[in-house]
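J.: Could you have a look at this structure, given as structure tokens, before my questions?
The values are calculated or read from the model by the stated rules, or taken from the named source; none is laboratory data. Worth saying up front: this structure is predicted, and the values here are computed from it rather than measured. So basically every Cβ, Gly included, is an ideal-geometry build from the backbone, and we count neighbours across all protein chains shown. Remember, those area values only see protein heavy atoms, side chains included, never the ligands or the DNA or RNA. Shrake-Rupley method; radii C 1.70, N 1.55, O 1.52, S 1.80 Å.
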Amino acid sequence: LPHVKFRVFTATQRKAESMKVMVYLIALIAVLIGLSVSAEHHGEIATHGDGPLVLIARLHSLPEKSAEVIALSDAVDKVVESGEPGMLLHTFDRDPDDKLGFVWTEVYEDSLALEFHLRNPDLVKYLDDVSPLLDSFTVELYGEVSKSAVNMLRATGTPTKHYDTEFGFIRDLTP
């Protein structure tokens, strides 16, 4: 194709492009968190888990097992995308400083969407299959998450830390 030009990136350019993608991802998370709740500044935020929330899962692969971790994660990502409409964002990223480290970033519509995710048989199978390939797996929750969703997540045995929201706002982006 004579009219198509291909660009060759140096390692520095690839790193810069990766940083741009990360900035866009963070901006997207901020936008998605505001999809279903009106803006409130330093006031009452939903306390029953009826607003968007963020889950960060940190995984560390055993040596020589990262390809299997990636393959299992890719497969479950496709299932989650097609079967969980309450999952607004679901990305699997590699730690830039540790080739065996990975992070799931997940944005849920609300706590019910998180509970639905935790009951997904494909997720349960993924966790059973990937756990022997890892030397660590932890979860962080951000936002107002219902107690039932937090308890359900902790019942899986996964070390979970829920960061209580002190203040902030969620912008209403509905047209």
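J.: Taking the conditions exactly as written (modelled with pLDDT of 95 or more, of a type in the set (S, T, N, Q) and in contact with a helix residue (DSSP H, G or I) (Cβ under 6 Å, 6 or more places away or on another chain)), does S111 satisfy them or not?
T.: When the stated conditions are applied, S111 passes them.
J.: Another question, then. Provide a single number: the residues in the range 63-73 that are exposed (fewer than 14 other Cβ atoms within 10 Å of the Cβ) and either touching a Ser or Thr at 6+ places or on another chain (Cβ under 8 Å) or under 20 Å from V139 (Cβ atoms) (or both).
T.: Qualifying residue count, the range 63-73: 0.
Rundown of residues vs (1) in a loop (DSSP other than H, G, I, E, B); (2) among the hydroxyl-bearing types (S, T, Y); (3) open to solvent by less than 40 Å² (accessible area, probe 1.4 Å), yes/no style:
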residue: S82; (1), (2), (3): no, yes, no
residue: P85; (1), (2), (3): yes, no, no
residue: L89; (1), (2), (3): no, no, yes
residue: P96; (1), (2), (3): yes, no, no
residue: V107; (1), (2), (3): no, no, yes
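J.: Something else about it: Looking only at residues that are hydroxyl-bearing (S, T, Y) and loosely packed, with under 14 Cβ neighbours inside 10 Å in the range 122-155, which one is nearest to S61 (Cα to Cα)?
T.: Looking at residues that are hydroxyl-bearing (S, T, Y) and loosely packed, with under 14 Cβ neighbours inside 10 Å, I get S136.
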